[in-house]
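Here the structure is laid out as C-alpha cells; the discussion comes afterwards.
The values are calculated or read from the model by the stated rules, or taken from the named source; none is laboratory data. Nothing here was measured: the structure is a model prediction, and the numbers come from that model. Neighbour counts run over all protein chains shown; Cβ positions are idealised from the backbone, glycine included. Calculation scope for accessible area: heavy atoms of the full protein, side chains included, ligands and nucleic acids excluded. Shrake-Rupley method; radii C 1.70, N 1.55, O 1.52, S 1.80 Å.
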Amino acid sequence: GKLNAVQWLADGRDILVGTEGSLRAIGRNDMSGAMSPTNARQRTESALPCTYIPPILIENMVLMLDIYRTKIYEAGYTQEVDGYLARELSAVNEHLVAKGIRDWVYQSTPHKIMWMVTDEGTLLASTYDRDQKVFGISECDLGGDSYVEAILSMPGVDKDGDQLWFMVRREIDGNVKRYVEYLSSFYRDGYSEQDYPIYAHCSGTYGGLETNSLTGADHLEGETVGIWADGVDAGDAVVTNGEITWSEELSAELVVFGLRQLSDARTNRLMIETQDGTTLGRRVNVGSVLLDLYQTYDLYAGTPGQAMNKLRTEEETEENPYEPAVLRTGSYPVNLDDSWENNGVIILQTNSMHPATIRAITTLAEAEP
C-alpha cells in the first residue's frame, strides 16, 4: 500500500531490503527449490523505516539504523514468527546515538567493535558480542579540538587484527589541520606484534639511538604532549619548532609522544536485591570495589563528588621511577569514600601513557533499607 524507496540490500538467509517505510525480505516460496521468477516471495518483516546508511552484517545478524539515524536495531531470523524480528539495541544508550550516526564500520578483531561517527564529528565505540550477551556504547575523545570526518576498517597485516583508519580535522596552533590517522593495536605485552604501547592521540613514535629530544613533531606544533620513553611515563613537553625535549635521566631508544586524554569510565546506577525485592532507585552506598585488571599501571578510582584514589600495590612502593613500569594483571581492592546520594556510581580514570584494561568490577555495597 506504499511506494517506498529502497535504501539498501543485505545478503543472508534471504535478501533483506531496507526501505524508507519498512524492512522487507525477498526469498523462496518453496524452500526445496532454487529461487526463480516462479519461486519467489517478498513480504514486510518489520515496519521499521531504514536509513540510507548500509547495515553491518555480524555473523547471522543484521545491524541497521532507523531512518532518523538515532537508533540501532538488530534483525535476525527467528522461528517464533517464522520471519525477521527487529529489536532495538540502543535503548539505554540513546543519549549517545541521539546525536545522529552518519557513518559506521565494524572491526572484528581483536575485539568485536562497531565504530560510529556522529553528526557532531564525535566517535562512538560499541562492543557487540551477541554470543556473550554483551552490548554497550562509549564516546571516544580523540584529543584536543578534533572532528572525525571519515572512517574505514581494513583487514590487518598481522595478528594484531583489523586496522581502523580515520580522517580527523584538528585545530593545531590556531590552524585547522586534517590528518589521516589509524588506531594503534590493543597492546598485550608478550603477545602483540606492536612492540610497545601507544596510548596517546595524534601520536608519533621514534626508535633509534638513545636520546632525550626529538624533532619531526611539526604536526603537533605548540601543543603539550605526553611522552612514553622506554616504558616510563616521562611527563609532558611543549612542541616548539617541531622539537620536544624531556629529562636527560629518561633518555630512551623507544619513544611515543602525543596528546594525553583523560579516559573516564562511569558505571550505571547499582540495582541491589533487598529483602523486599530487587530495587533500582533506592539509595546505595559503596564501601569498596574489587578491580580485575589486565596489564594496567596507572589508575584512579572514586565516586561522584569525592576524591579519586590512586590504585596502589605493595610492589609499587619498591619501584624505581626511572625503570620501566610494571604492568599489573590480577584483582586489586580499592576503598572508596562514597555517599548515599551517588546511587552506587563508580568512576575509574587514567591519564597515563600506559595501557589500562579493566576486565571486571565487583562492588561491596549496601542499599538503603
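Structure values in brief
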| quantity | calculated |
| --- | --- |
| Failed criterion for A25 (all others in (1) at pLDDT below 90; (2) part of a strand (DSSP E or B) hold) | (1) |
| Matching residues in the range 131-170 - criterion: being of a type in the set (F, W, Y), open to solvent by less than 60 Å² (accessible area, probe 1.4 Å) and under 27 Å from D195 (Cβ atoms) | F166 |
| Pairs where the first residue, in the range 71-100, is assigned to a strand (DSSP E or B) and the second is among the β-branched types (V, I, T) and open to solvent by less than 50 Å² (accessible area, probe 1.4 Å), C-beta under 6 Å, 6+ apart | A75/V62; L85/T78 |
| Single residue of the range 240-256 satisfying the filter (open to solvent by 60 Å² or more (accessible area, probe 1.4 Å) and either in contact with an Asp or Glu (Cβ under 6 Å, 6 or more places away or on another chain) or not in a loop (DSSP other than H, G, I, E, B) (or both)) that is nearest to G216 (Cα to Cα) | E243 |
| Strands (runs of 3 or more DSSP E) within the range 284-369 that include 3 or more residues in contact with a strand residue (DSSP E or B) (Cβ under 6 Å, 6 or more places away or on another chain) and of a type in the set (S, T, Y) | 284-296, 328-335, 357-367 |
| Residues of the range 202-232 satisfying the condition of being in a strand (DSSP E or B) and open to solvent by 50 Å² or more (accessible area, probe 1.4 Å) | T205, Y206, G207, L209, E210, T224 |
| Count of the range 28-56 residues which are in contact with a Gly (Cβ under 7 Å, 6 or more places away or on another chain) and outside any loop (DSSP other than H, G, I, E, B) | 4 |
| All positions within the range 330-358 that are loosely packed, with under 14 Cβ neighbours inside 10 Å and closer than 15 Å to L311 by Cα | G330, S331, P333, N335, D337 |
| Flag for T19 being more than 20 Å from Q79 (Cα to Cα), open to solvent by less than 10 Å² (accessible area, probe 1.4 Å) and either among the aliphatic types (A, V, I, L, M) or without any contact (Cβ under 8 Å) to a residue 40 or more places away in the chain (or both) | yes |
| Residue, surrounded by the most Cβ atoms within 10 Å (Cβ to Cβ), within the range 22-37, restricted to residues that are among the aliphatic types (A, V, I, L, M) and more than 17 Å from N60 (Cα to Cα) | M35 |
| The range 59-87 - residue that is within 21 Å of the chain's Cα centre (by Cα), among the hydrophobic types (A, V, I, L, M, F, W, C) and more than 13 Å from G18 (Cβ to Cβ) and, of those, modelled with the highest pLDDT | I72 |
| Single residue of L270, L291 found to be under 23 Å from the mean Cα position of the chain (by Cα), modelled with pLDDT of 90 or more and not basic (K, R) | L291 |
| Residue that is surrounded by the most Cβ atoms within 10 Å (Cβ to Cβ), among those in the range 94-111 that are β-branched (V, I, T) and more than 26 Å from R188 (Cβ to Cβ) | I101 |
| Selection status of E120, open to solvent by less than 60 Å² (accessible area, probe 1.4 Å) and either in contact (Cβ under 8 Å) with a residue 60 or more places away in the chain or more than 20 Å from T357 (Cα to Cα) (or both) | no |
| Any hit, the range 299-308, residues being among the aliphatic types (A, V, I, L, M) and either over 18 Å from N351 (Cα atoms) or without any contact (Cβ under 8 Å) to a residue 24 or more places away in the chain (or both) | no |
